Amino acid sequence: MTTAVVERPGGLRVRCEGVVHLYRTFEGHDVVALQGVDLTIAAGERVAFLGPSGSGKSTLLTLLGGIQKPSAGRIFLGDEEVSRMGERYLARVRARRVSTMLQGSTRNLLAYATARQNIAFARLALSADERRAALPEAELLGRVGLEQQADQVVSTMSGGQRQRLALACAVSTGPQLLLADEPTSQLSHEDRDHVIALIHSLGDDLGTTVVVVTHQPEVAATFPRTVTMKGGRVGSEGRDGAEYVVIGAEGVVHLPTHLAEQWPPGTLVRIEPEDASRLVVSRSEQEGPA
């Protein structure tokens, strides 16, 4: 009998076009979480999302993972528009092609099951051929340093162990896109560094596209590209050590954080073209806001 070979397809390209998202508070007020996000992430790229609380970074992550649908705009994973998929097909995408780690390890695990049982549960939607092609359970647990905890119940594990198990479960299906919301926020420095190193190494091995939301600059610094969200938009990007601001709708540009602190809202600035690719921005001699 010949066993079918399931190829690992590598990472997914992600594209957002004019993504807007509103949600309603318990008091009945509409809040704009995202307002016109345009963003492209290449297949296999690793990106860290930064930004203050309420900037929209976690909301965008759930939209990319198909957990929510945008109020307006389009989201593509590869060539498929997930923002218009039916729920049944979307569930297949979430189970096989995209893995989302929610904030807090306990939200990603079955607390009264063992590490081995959690991985088996994460793989329930895979076909028999896909399970045979997946990384063996023992090897996967060994990669995250939990080979001795294979039969340990999650509720008895340390915070670092639970987060490493959550990562193992997230990649156990060989996803093409890994989304992680604050995967190190409640960990010690040692556990934090271990988890981030694992994310990068697993990305190397699987070719997975990785998007991580974090508020920790030291975590973001390990990623070749950072995207900073401000007011529901992409405000700036960091690439190869350089920071770039992003021109938004109606020519809106967010100042880099260190300048925004020195030049408060209302400050008069002058913008003069130096040449075709360079502008000079200078502050008015008038002190403080206009």
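Is it true that residue 259 is farther than 30 Å from residue 185 by Cα and surrounded by 12 or more Cβ atoms within 10 Å (Cβ to Cβ)? Judged against the criteria, residue 259 is not a match. Checked against the criterion of being polar (S, T, N, Q), in contact (Cβ under 8 Å) with a residue 40 or more places away in the chain and farther than 30 Å from residue 23 by Cα, the candidates 226, 208 yield just one match: 208.
Looking at the range 66-73, is at least one residue in contact with a Pro (Cβ under 7 Å, 6 or more places away or on another chain) and within 18 Å of residue 208 (Cβ to Cβ)? No, because not a single residue in the range 66-73 is in contact with a Pro (Cβ under 7 Å, 6 or more places away or on another chain) and within 18 Å of residue 208 (Cβ to Cβ). In the range 199-231, the residue that is surrounded by the fewest Cβ atoms within 10 Å (Cβ to Cβ) out of those that are over 29 Å from residue 255 (Cα atoms), out of contact with any helix residue (DSSP H, G or I) (no Cβ under 6 Å at 6 or more places or on another chain) and not acidic (Asp, Glu) is 201. Filtered by the rule that a residue be small (Gly, Ala, Ser) and either outside the structural domain of residue 124 (by TED's automatic domain parsing) or over 24 Å from residue 66 (Cβ atoms) (or both), the range 173-211 gives 188, 197, 201. Listed conditions (1) surrounded by 20 or more Cβ atoms within 10 Å (Cβ to Cβ); (2) at pLDDT below 90; (3) among the hydrophobic types (A, V, I, L, M, F, W, C); (4) under 27 Å from residue 217 (Cβ atoms) are all met by residue 67, apart from (1).
If you go through the range 100-126 and keep only what is outside any loop (DSSP other than H, G, I, E, B) and at pLDDT 90 or above, you end up with 100, 101, 114, 115, 116, 117, 118, 119, 120, 121, 122. With respect to residue 135, is the statement that it is more than 22 Å from the chain's Cα centre (by Cα), in contact (Cβ under 8 Å) with a residue 12 or more places away in the chain and either assigned to a loop (DSSP other than H, G, I, E, B) or not assigned by TED's automatic domain parsing to the domain that holds residue 98 (or both) true? Taking the combined requirement at face value, the residue satisfies it.
Of all residues in the range 22-34, none that is touching a residue at least 40 places away in the same chain (Cβ under 8 Å) and outside the structural domain of residue 72 (by TED's automatic domain parsing) has its Cβ atom under 6 Å from the Cβ atom of a residue that is among the aromatic types (Phe, Trp, Tyr) and exposed (fewer than 10 other Cβ atoms within 10 Å of the Cβ), 6 or more apart or on another chain.
The values are calculated or read from the model by the stated rules, or taken from the named source; none is laboratory data. Keep in mind that what you see is a predicted model, and the values were worked out from it rather than measured. Reconstructed Cβ throughout: ideal geometry from the backbone, glycine too, with neighbour counts over all protein chains shown.
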